[in-house]
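Notes follow once the structure below has been shown.
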Amino acid sequence: MRTHVSFCADYDSANVDQSLPGGRLADFLAAEFSSRGVYIEKRQTAEHSYVFHTLSGGRRFGVLLGSIDDELREWLIMSFGKLGRIYRFFGAKDEDEHRALLHAIHEVLLADERFTDIRWYSHEEWLESPDESWADAPDGFQLADPEGNEE
């Protein structure tokens, strides 16, 4: 599953207290996620990133926003499930809820022209070959046309 997305943002990334870049970007993303049904339980900073503890479809996920600025990519969002091994052992799943979260993130990025160079990766693709292995959208994402048909 593609759970990592890199992108560039023509966005005022200065933070009011200057402690961590991207504060206004994090504020914007949090508001947009909430408007798309992703409830943010808690938001915090961790070293060089923002961490959102979210609920999507009743399941908990972590979403991390960090600055990477490696010339091709400025920002990275990573998401991860919080469903424990014991729950998974007994058959609990969160793939559908995770996919809904990923689609909400993608919709936010697509809806604003300030975001460009959107690239989706699996965890392995991001670690092994981010310049070569990426996709334009998360797994299973399809745009609907105005008449309600899927493209």
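The values are calculated or read from the model by the stated rules, or taken from the named source; none is laboratory data. Keep in mind the model is a prediction, meaning the values are calculated, not measured. Here Cβ is always computed from backbone atoms with ideal geometry, including for glycine, and neighbour counts include all displayed protein chains.
Here is the figure for the stretch 58-71: residues that are modelled with pLDDT under 90 and part of a strand (DSSP E or B) total 2. The residue list LEU109, LEU102, LEU55 contains one member that is part of a helix (DSSP H, G or I) and either farther than 12 Å from THR3 by Cα or touching an Asp or Glu at 6+ places or on another chain (Cβ under 7 Å) (or both), which is LEU109. In the stretch 2-30, the residue that is farthest from SER133 (Cα to Cα) out of those that are at pLDDT 90 or above and part of a loop (DSSP other than H, G, I, E, B) is THR3.
Mind checking whether some residue in the stretch 137-151 is charged (D, E, K, R), more than 19 Å from GLY22 (Cα to Cα), at pLDDT below 95 and part of a strand (DSSP E or B)? Yes: the stretch 137-151 contains one or more residues that are charged (D, E, K, R), more than 19 Å from GLY22 (Cα to Cα), at pLDDT below 95 and part of a strand (DSSP E or B). Look at the stretch 111-131: where a residue is more than 12 Å from LEU76 (Cα to Cα) and a partner is among the hydrophobic types (A, V, I, L, M, F, W, C) and in a loop (DSSP other than H, G, I, E, B), sitting 6+ places away or on another chain with Cβ atoms under 7 Å, you get SER122/MET1; GLU125/TRP134.
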